[in-house]
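Below is one structure, written out as C-alpha cells; the observations come after it.
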Amino acid sequence: MKPITSFFFLSTLCVLQHVALAANSKPVGGQPGKPARGQPSGPVSGNLLEEACKQATNKDLCINSLKKDPNSQGADLTGLAFIALRLAAANAADVESHLRTLMLKNATGLDPDVQQGVQDCIDSYTDANEQLDDSVAALSDKKCKDVVVWVKVAIADSNYCESSLDGEPTVLADKNKVFIQMCENVLSVIKALAPKGV
C-alpha cells in the first residue's frame, strides 16, 4: 500500500472508530452526558480487556496495546475491535515502510535473490493492508466472519513474506512476528464480540 493510501486507510479507520464510540455513548432517556446502557463511562474496564484478549497468543501485548490507545476509553468490544484493526494496520504500514527504506538504501548492494525476497515482502504487506482495509469494512457492516477471513489472509501474507526471504537472518522475522500477534489480537476481540458467529 502506497504511503498516501495508508494515510487515507488509517484516517478512515480512525473516523469509523470514533463513529462507533459516539454511537455507544448516546444519551439514555434524555440524560445528556450519560453513556448508553452497559457501556463504560471512563477508562476501558480491565474485565472487558481480559474478555477481549483472552484468546490472544500474546495476551499481555493485546491488553497493553489496547489499554494504551486513548480511544479505548469508554470503548465496547466493537470499539476495541476497531482499535485492534487500526493498530495492526499501523504495524503493517511500519513494516512496509521499513522494507521500502531497505530497498532504497541498498538498491544496488543487495543480492538479486534477497532483493526479490524484499520486493515480495513489500507486495505481501501491501496485500495485508488491503485485507485489513476489507476487515474494517466488514466490521462496519457487522460481518464478523468476514473480518476473521480477511485477517487470516493478512497473516498468510506475512507468512509468505517470511518464506520469500528463504531463511535469510533478518530483523524482519521479529517484525513479522509482531504483526501476526497484532492480527491475532484482532481475532481475539472478534471472537469475544461474536463468539457464536466466528
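Out of all the residues in the stretch 58-68, is one or more touching a residue at least 60 places away in the same chain (Cβ under 8 Å), open to solvent by 30 Å² or more (accessible area, probe 1.4 Å), of a type in the set (S, T, N, Q) and not in a loop (DSSP other than H, G, I, E, B)? No, the stretch 58-68 contains no residue that is touching a residue at least 60 places away in the same chain (Cβ under 8 Å), open to solvent by 30 Å² or more (accessible area, probe 1.4 Å), of a type in the set (S, T, N, Q) and not in a loop (DSSP other than H, G, I, E, B). Taking the numbered list (1) surrounded by 16 or more Cβ atoms within 10 Å (Cβ to Cβ); (2) assigned to a helix (DSSP H, G or I); (3) modelled with pLDDT under 95 in turn, residue 146 passes all entries but (3).
In the stretch 19-57, the qualifying residues are those that are in a helix (DSSP H, G or I), of a type in the set (A, V, I, L, M, F, W, C) and modelled with pLDDT of 50 or more, and the one that is most open to solvent (accessible area, probe 1.4 Å) is 48.
For the stretch 95-129, how many residues meet the condition of being surrounded by fewer than 20 Cβ atoms within 10 Å (Cβ to Cβ) and in contact (Cβ under 8 Å) with a residue 60 or more places away in the chain? Matching residues across the stretch 95-129 total 3. For the stretch 182-196, the condition of being open to solvent by 60 Å² or more (accessible area, probe 1.4 Å) and more than 17 Å from residue 80 (Cα to Cα) holds for at least one residue. For the stretch 92-106, indicate whether the set of residues that are at positive phi and out of contact with any His (no Cβ under 7 Å at 6 or more places or on another chain) is non-empty. The answer is no; no qualifying residue exists. Regarding residue 76, is this residue acidic (Asp, Glu) and surrounded by fewer than 19 Cβ atoms within 10 Å (Cβ to Cβ)? It is false that residue 76 is acidic (Asp, Glu) and surrounded by fewer than 19 Cβ atoms within 10 Å (Cβ to Cβ).
The values are calculated or read from the model by the stated rules, or taken from the named source; none is laboratory data. Quantities reported herein were computed from a predicted structural model and do not represent experimental measurements. Backbone-built Cβ (ideal geometry, glycine too); neighbour counts: all protein chains shown. Just the protein is used for accessible areas: all its heavy atoms, side chains included, with ligands, DNA and RNA removed. Shrake-Rupley method; radii C 1.70, N 1.55, O 1.52, S 1.80 Å.
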